[in-house]
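One structure below.
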Amino acid sequence: MEQQALYNAINFSFMWGTNNVGWKSTMSLGQQNSTVRLTVINSLLCPSDPSAPTDTINADEINNDMAAGTSYVGNVGDNCLNCGTCPSSGVSTFNATQGYACRGLQLGDPPGGAVVPPPPGTGSGIFWRQCNGVSINQITDGTTNTFLAGEQIMKVTRWNAWVEANQCVGSTALPLNYLAPNTAISTNGSIVVSTGATDTGTWWHWYSFRSQHPGGGNFAMCDGSVKFIKSSISMPVYQGLSTRAVGEVISSDAF
């Protein structure tokens, strides 16, 4: 990202804010990294995303403090969203909240939930909140056929800050540009249509990929290319493109 000076400014002994979310481990809560957290990286902002570059609509240890957002979020894979008790990785489950089949462990967490330090690769994609690093040789499905990152609209969700590993990722458990029943995207963000109340805190409605582009969204692939993916893409192909090592055979004319 050509941001060595910004990287050098991070104090890795501290989390990104003061809200105790229960997984800070040996790192302390505090505002020591607030300058970094507020730094806007223009290359992470999509010109078509109407969201403000910084906002207080944040979760996890940042909570309601100001933070800089990102229009591009890392690919979690097809891991479940709010499935409750999830199966072993690679086993299909039905997610009643969304009405879609999603696979693998919730949010890429290990069985039983998040732990510190994180174990190796329980997520099916490239980045997830418990991720301790994915190398190129672990992308056995092929870098050309695996998402690295995709678009998100910052203002629709509280999980939008680029600094926080649980806020700058998305899952393909939901279709591209998915809207949950009785939800909509408004000028101020996401809302519950029947009441007009904000829906930004309902993470399992928005922890995915979407854009303001008609008919789809842009994704960076692990080989460095960028592809426009149509919203009409079939779910098996869409989820197959998000997994790094499941062995799906995907033709280039399928997306």
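The values are calculated or read from the model by the stated rules, or taken from the named source; none is laboratory data. Keep in mind it's a predicted model, so treat the numbers as computed, not measured. Glycine also receives a Cβ, built like all others from the backbone with ideal geometry; neighbour counts cover every protein chain displayed.
If only residues of segment 27-68 that are of a type in the set (S, T, N, Q) and in contact with a Lys or Arg (Cβ under 8 Å, 6 or more places away or on another chain) are counted, the one that is surrounded by the most Cβ atoms within 10 Å (Cβ to Cβ) is Asn58. Among the residues of segment 120-141, those identified as free of Cβ contacts under 8 Å to residues at least 12 places away in the same chain and part of a loop (DSSP other than H, G, I, E, B) are Gly133, Ser135. Taking strands (runs of 3 or more DSSP E) as the structural unit, those lying wholly within segment 143-238 and holding at least 2 residues that are among the β-branched types (Val, Ile, Thr) and over 30 Å from Asn11 (Cβ atoms) correspond to 183-186, 189-192, 226-230.
Could you tell me how many of the residues in segment 69-85 are in a loop (DSSP other than H, G, I, E, B) and either among the polar types (S, T, N, Q) or surrounded by 17 or more Cβ atoms within 10 Å (Cβ to Cβ) (or both)?
Counting residues in segment 69-85 that are in a loop (DSSP other than H, G, I, E, B) and either among the polar types (S, T, N, Q) or surrounded by 17 or more Cβ atoms within 10 Å (Cβ to Cβ) (or both) gives 9.
Let's see how each residue does on (1) within 20 Å of Ile41 (Cβ to Cβ); (2) within 11 Å of the chain's Cα centre (by Cα); (3) hydroxyl-bearing (Ser, Thr, Tyr):
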{"site": "Thr143", "(1), (2), (3)": "no, no, yes"}
{"site": "Ala161", "(1), (2), (3)": "yes, yes, no"}
{"site": "Ala165", "(1), (2), (3)": "yes, yes, no"}
{"site": "Ser171", "(1), (2), (3)": "no, yes, yes"}
{"site": "Ile191", "(1), (2), (3)": "no, no, no"}
{"site": "Gly196", "(1), (2), (3)": "no, no, no"}
{"site": "Asp199", "(1), (2), (3)": "no, no, no"}
{"site": "Trp203", "(1), (2), (3)": "no, yes, no"}
{"site": "Asp223", "(1), (2), (3)": "no, no, no"}
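Does Ser242 meet the test of being buried (at least 16 other Cβ atoms within 10 Å of the Cβ) and either closer than 13 Å to Glu151 by Cα or modelled with pLDDT under 95 (or both)? Here the answer is no, as Ser242 does not meet what is asked.
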